[in-house]
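Structure first, then comments.
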Amino acid sequence: MVESKPKVLVLDSFDQEFFERLEKYCEVLNETRMDEAEILIVRSNTRVDRQFISRLPNLKLVVTATHGEDHIDKQALAERGIPYRTAPVQSYDVAQSVMAYVFAFATNMVTADRSMKRGEWRKKELVGFRVEGKTLGIIGYGRIGREVARQALANGLKVIVYEKDAKARLENRLPVRFAETLEELLSSSDIITIHVPLTEETKGMIGERELALVKDGAYLINTARGGIVDEQALLKALETNKLAGAALDVFYHQPPLLNNSSEKLARHEKVIASPHSIAQTTEALREKGERVLQIIKEYVMKTSEPFNAYF
C-alpha cells in the first residue's frame, strides 16, 4: 500500500486544470510546507539559487516551465545530485509576438494609438513601410530562432542569422543566410531580434560598440533576457536616432519601476514595452502544463516504484 504521494511545490502560475490534474497523483504543498517538497515547479519569476535550494532539504527534482535557464543555479543542483528539466513549449508564441512587433513598427500602430488617445490626428506623418523585402537579423538559432525565421520568411522578409553552434547550421532547412560574425548581422539587418540564453558569454552582448554598427534607423527586438542588452547603450541609440525604435518584453530590472534604465526604456516613446508577457497564450500555458505533468510522471515512475500506482 502506498503511504504518500510525491510532494510538489508550485511557485508560479498555471491554470486551474493543471492543479486539478496534478492533485490526482501528487500532494501539492503551499509555501508554509516548502521544506517538505520533493519536486519543485517554477517559471522564470522564481530564482532557484543556492540559498533557495538550502531551504528544500528533501528536494529531488526541479522542473522549470521555460526556455531560458538563467534563473536556475545548475551548479548548486549538481552538487546535491538534483536533476532539473525544462518545458520549452512557447517557440511559436514568442515568434508570433516578434512578428507582431515587426508589423507594429511597419504600421506605426502603437504610435498611432498613443496619439489618438491624446486627441491627436497625425495621419500625414505616420508613414510606415512594407515588411516584404526587409532583412530580419536573428541572433540565436535555437527552437525560437528557427520558428521566428519560418514566420518571417512566410511574410516576405529576408532572414540573416548569427549562430555559433555548427550543429544548428547543419540542421537548418530554411532559406536563411548565416552571418560569419555578429558584426555582419548587425550591419546588414533592418530589424534585429535576439534569441540567445542569458549566460556569462551573452551578458551585455549588445552594447554601445554593437549598436554603433547597426544601420541608421534600424529596429531592435528583445524577447530573450534583459541582461543581454546594455540598457544605457540602448537608451543612447534611441535618443540619437541611431535606432528608430525598440520592442522589449524583458528588462534588466523586472519590474522596471524603480527610476532606473529599465524604467526609462519602458516609458520611452520609441519603445514598445510589455511585461515579459508576449508568449503567454492560452494554448501555450495549457501545453506547458501538459509537458510539466509528463515530466513529473516520467521521473516519478522511473525513480519511485511505489508511486507507479498513481499513474
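The values are calculated or read from the model by the stated rules, or taken from the named source; none is laboratory data. From a predicted model like this one, the values you see are computed outputs, not experimental measurements. When we count neighbours, we look across all protein chains shown, and the Cβ atoms used for this are built from the backbone with ideal geometry, even at glycine.
So here's what we get for this one:
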quantity	calculated
Test: residue in region 255-265 that is touching a Ser or Thr at 6+ places or on another chain (Cβ under 7 Å) and either aromatic (Phe, Trp, Tyr) or outside any helix (DSSP H, G or I) (or both)	yes
Output for region 1-50, where each listed residue is among the β-branched types (Val, Ile, Thr) and outside any strand (DSSP E or B)	Val2, Thr32, Thr46
Residue tally, condition loosely packed, with under 10 Cβ neighbours inside 10 Å and among the basic types (Lys, Arg), over region 114-129	4
Number of positions in region 266-297 that are under 22 Å from Gln16 (Cα atoms) and outside any loop (DSSP other than H, G, I, E, B)	16
Members of region 76-92 found to be small (Gly, Ala, Ser) and either on the phi > 0 side of the Ramachandran plot or out of contact with any Lys or Arg (no Cβ under 7 Å at 6 or more places or on another chain) (or both), listed by number	Ala78, Gly81
Residue count, region 140-180 (criterion: buried (at least 18 other Cβ atoms within 10 Å of the Cβ) and part of a loop (DSSP other than H, G, I, E, B))	6
Of all residues in region 57-68 being in contact (Cβ under 8 Å) with a residue 40 or more places away in the chain and within 23 Å of Leu22 (Cα to Cα), the one that is surrounded by the most Cβ atoms within 10 Å (Cβ to Cβ)	Ala65
Odd one out for Gly140, checked against (1) in contact (Cβ under 8 Å) with a residue 60 or more places away in the chain; (2) farther than 30 Å from Glu201 by Cβ	(2)
Boolean, Thr181 is out of contact with any Cys (no Cβ under 7 Å at 6 or more places or on another chain), of a type in the set (S, T, N, Q) and under 29 Å from Ala266 (Cβ atoms)	no
Any pair with Cβ under 7 angstrom, 6 or more apart, that starts in region 27-52 at a residue that is modelled with pLDDT of 90 or more and ends at one that is assigned to a helix (DSSP H, G or I)	Val28/Phe19; Val28/Leu22; Leu29/Glu36; Ile39/Ile296; Ile41/Val292; Asp49/Ala76; Arg50/Ala76
Whichever residue in region 25-46 is closer than 18 Å to Asp70 by Cβ and touching a strand residue (DSSP E or B) at 6+ places or on another chain (Cβ under 8 Å) and, among such residues, is surrounded by the most Cβ atoms within 10 Å (Cβ to Cβ)	Ile41
Evaluation of Ala76 against (1) modelled with pLDDT of 90 or more; (2) assigned to a loop (DSSP other than H, G, I, E, B) (one fails), failing number	(2)
Of residues in region 69-113 being farther than 23 Å from Gln151 by Cβ and either touching a Cys at 6+ places or on another chain (Cβ under 9 Å) or among the hydrophobic types (A, V, I, L, M, F, W, C) (or both), the one surrounded by the most Cβ atoms within 10 Å (Cβ to Cβ)	Ile72
Selection count, region 11-24, where residues are more than 16 Å from Lys297 (Cβ to Cβ) and crowded, with 19+ Cβ neighbours inside 10 Å	0
Ala233 vs. criteria assigned by TED's automatic domain parsing to the domain that holds Met99 and part of a helix (DSSP H, G or I)	yes
Residues located in region 96-146, provided they are over 29 Å from Arg173 (Cα atoms) and touching a Leu at 6+ places or on another chain (Cβ under 7 Å)	Asn108, Thr111, Ala112
Residue that is farthest from the chain's Cα centre (by Cα), among those in region 33-71 that are among the basic types (Lys, Arg) and closer than 16 Å to Ile296 by Cβ	Lys60
